[in-house]
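The values are calculated or read from the model by the stated rules, or taken from the named source; none is laboratory data. Only a predicted model underlies this, so the values are computations on that prediction, with no experimental measurement involved. Glycine also receives a Cβ, built like all others from the backbone with ideal geometry; neighbour counts cover every protein chain displayed. Calculation scope for accessible area: heavy atoms of the full protein, side chains included, ligands and nucleic acids excluded. Shrake-Rupley method; radii C 1.70, N 1.55, O 1.52, S 1.80 Å.
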Amino acid sequence: MTVRAVELIRSADVVAYHCARHGRSNARAIAAQYLGTQVEEALTYPVTTESTDDYQGRIDAFYTDAAARLAAHLDAGRDVVVLAEGDPFFYGSYMHLHKRLAHRYVAEVVPGVTSVSAASAALGTPLVERDEVLTVLPGTLGEDELVRRLADTDAAAVMKLGRTFTGVRAALRRSGRADEARYVERASTPTERQGRLDEVDPASVPYFSVGIVPSRVHVETTEAARADGEARSLAASEASTLAASGSKATPSTGPTGPTGPTGPTGPTGGIVTVVGLGPGARDRLTPEAATALAEADDVVGYATYVARVPPNPRQRVHGSDNKVESERAAFALDLARTGRRVAVVSSGDPGVFAMASAVVEVASQDYPEVPVRVVPGVTAAHAVAARIGAPLGHDFATISLSDRLKPWDVVERRLAAVAEADMVVALYNPASRSRTWQVEAAREVLLKFRDPTTPVIVGRDVDGPEESVHVVELGTLEPSEVDMRTLLIVGSSQTRWTPTGAVFTPRRY
Ligand code: SAH
């Protein structure tokens, strides 16, 4: 069932369906899980397959009466949904109501999956390929007519089997198509059955079944495509060995600088995309980032972050330590130069204390022809802030407490300036196994300008298995509880810690 069909059924005032005299309705059974308080109209056929004197007359009277029943609801302002198996305009009984009602009321037809599509999907065999012709045949045609049409077509679907089955089988044999023909009963239901049509016991065949003569072109071309695919994957693995050994293509001129999603590709088709993975949860990865990962041939980054990318056997993964960023950047740019699409991954946002700067810098110096694209992510400060309220609601700064890449006195001066300016400050990289004194040193600087009761949010491993987010006062912040996976947000003089445990910084002074 399509999403549209489900929506309409759920919101309908009246749900109508055809059913046989025994009272069971296949259409209703299919939709049963979406039925609740809707008014139901069962339209029971007066006759089915048994012969009667005036079949057509009785059927016409039945449809006229059914249309009148639906019209009464429509006149009262009720929306009516008519259930139809498969597609309503494909041998569907709904057509008889459409003829009688569509010129008087608004009628929307929601297309459905026909039994022909369901059957070929169940068989796992394409129906028509290239310029093949598909003929849809009701089994109720005479045998000679079936023979003529089967002989003249590429693929065929034969509907309305049941009691017509022996005639259909005879026509398939006479037209030379019996070997190809397949049989599918109740396609896509739990009681689906399928097999070679020629071997089916005619006495066991219900109306709810189809015969399929599948695509010939598909059969003829499959073997060649498989042989070709195998040859190509051999060639590809040789090419990738070359790329992995780092052979460099001759640089040529081409686009430079970061590009947009549809921006230029380089002369080799290679590109480096620096992708922000967000703090960790799958639903914090942006759709753009997910697409960039899905497009990549190679994934490069700090091993911890690379491990967060779902493994894809097509991709080569290059995990590294988190030390020399420029080397990782050059490695990625080398790969892109040979035509590979490379994703360089960072946690959070790649532009916040992460790989994007190194990639853009090295590319601008040594790889002007390699396109570079940066895909943003949710940075740790925003993930932590969101857990506790809105501490970053007004002006704020982000400062890394790491003194590996900048001297500590620069860190200290910035902390003092930000504290004096009364800005909220998010502290990244506050500590690590070997850097243990920086949190205490930072706290001392901040306390020169901030009240000891200033709220500090201690966010650790947000989105991860060891997540904890809590609030302490600056005066009692315990540096030993802060590690590499922690981010600190220190409030301004305006930041408030509410009795409910939330923290926010108001937008007006
Ligand atoms: N590019 C990343 C930051 C890398 S710097 C980003 O935008 O989030 C690494 C620092 O980020 C860590 O030391 C810690 O301070 C912070 N951090 C990263 N992920 C975190 C998480 N899930 N929870 C808390 N802090 C995190």
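By DSSP, the beta bridges lying fully in the chain are antiparallel in about 40 percent of cases.
Test of the criteria: in segment 35-140, which trypsin sites (Lys or Arg not before Pro) are in a DSSP loop and have at most 11 other Cβ atoms within 10 angstrom of their Cβ?
Working: sites: R58, R69, R78, K99, R100, R104, R130; in loops: R78, R104, R130.
Here the trypsin sites (Lys or Arg not before Pro) that fit, given the DSSP loop and packing criteria, are R104, R130.
Could you tell me what percent of the accessible area of segment 30-114 is made up of carbon and sulfur, with a 1.4 Å probe and every protein chain present?
Whole-percent figure for carbon plus sulfur exposure: 52.
Probe radius 1.4 Å, ligands and nucleic acids ignored: give me the carbon and sulfur share of the accessible area of segment 115-217 as a rounded percent. Here carbon and sulfur together make up 47 percent of the probe-accessible area.
Counting other Cβ atoms within 10 Å of each Cβ, which chymotrypsin sites (Phe, Trp or Tyr not before Pro) in segment 93-185 have at most 16 and sit in a DSSP loop? For chymotrypsin sites (Phe, Trp or Tyr not before Pro) across segment 93-185 that sit outside H, G, I, E and B with at most 16 neighbouring Cβ atoms in 10 Å, the list reads Y105.
Quick check: with the 1.4 Å probe, what order do K323, K160 take by accessible area, largest first?
From most accessible down to least: K323, K160.
Which order do the peptides 300-307, 368-375, 315-322 come out in when sorted by mean C-beta neighbours inside 10 angstrom, highest first? All intermediate terms of the calculation are to be shown ahead of the outcome.
Numbers: 300-307: 19.0, 368-375: 22.5, 315-322: 15.4.
In decreasing order of mean packing, 300-307, 368-375, 315-322 become 368-375, 300-307, 315-322.
Applying both filters, DSSP loop and at most 15 other Cβ atoms within 10 Å, to the GluC sites (Glu not before Pro) of segment 1-94 gives E50. Protection proxy ranking for 337-347, 399-409, 449-459, using the average of other Cβ atoms within 10 Å per residue and placing the highest first: 337-347, 449-459, 399-409. Taking segment 469-508 and a reference point 7 angstrom along Cα→Cβ of E420, the backbone N atoms nearer than 20 Å belong to 490-494. Taking all protein chains into account, the per residue accessible area for segment 381-504 stands at 48 Å² (1.4 Å probe). Counting only Cα atoms, the size of the chain along its three principal axes is 103, 63, 37 Å, in decreasing order. V482 exposes around 10 Å² of accessible area when a 1.4 Å probe is run over every protein chain in place. Taken as entire DSSP H runs, the helices of the chain that both span 15 Å or more between Cα atoms along their own long axis and average -0.5 or more on the Kyte-Doolittle scale are 55-75, 216-244, 325-337, 355-366, 408-420.
What segment 115-217 shows is 48 Å² of accessible area per residue, with the surface traced by a 1.4 Å probe over protein heavy atoms.
Please state, rounded to one decimal and in Å, the Kirkwood hydrodynamic radius that segment 381-504 gives when every pair of distinct Cα atoms enters the mean of 1/r. Walk me through the intermediate numbers first.
Details: mean 1/r = 0.0702 Å⁻¹.
Here the Kirkwood hydrodynamic radius works out to 14.2 Å.
Sorting 185-194, 273-282 by average packing, meaning the other beta carbons within 10 Å per residue, from highest down gives 273-282, 185-194.
Rank these by accessible area, largest first, 1.4 Å probe: S492, S115.
The ordering from most to least exposed comes out as S115, S492.
Taking each residue as 0.36 nm, the span from R100 to A121 lengthens on full extension beyond its C-alpha to C-alpha distance by 4.1 nm. Stretching H22 away from N322 to a fully extended chain increases their span by 100.8 nm, per 0.36 nm per residue minus the current alpha-carbon distance. The residues of segment 260-375 expose on average 43 square angstrom of accessible surface per residue, using a 1.4 Å probe on protein heavy atoms.
Sum -39500 (n - 2.57) across every DSSP H segment of at least 4 residues in the chain, then divide by the residue count to get the 222 nm mean residue ellipticity, nearest 500. Before the final figure, lay out each step's value.
On the way: 15 runs with 172 residues, N = 509.
Mean residue ellipticity at 222 nm (helix-derived): -10500 deg cm²/dmol.
For segment 3-101, what does the alpha-carbon gyration tensor say about shape, rounded, prolate or oblate, given a ≥ b ≥ c as the root eigenvalues, a/c under 1.5 as rounded, and a/b over b/c as prolate? In terms of gyration-tensor shape, prolate. Mind giving me the FRET efficiency for A76 and R496? R0 is 60 Å, r the Cβ-Cβ distance, nearest 0.05 is fine. Once the sixth-power term is evaluated, E becomes 0.60. With a 1.4 Å probe and all protein chains left in place, how much of the accessible area of segment 260-375 comes from carbon and sulfur atoms, in whole percent? The C+S portion of the solvent-accessible surface of segment 260-375 is 54 percent. Which FRET efficiency value, to the nearest 0.05, is calculated for T221 and T2 with the Förster distance at 45 angstrom and r the Cβ-Cβ distance? That pair, T221 with T2, gives E of 0.90.
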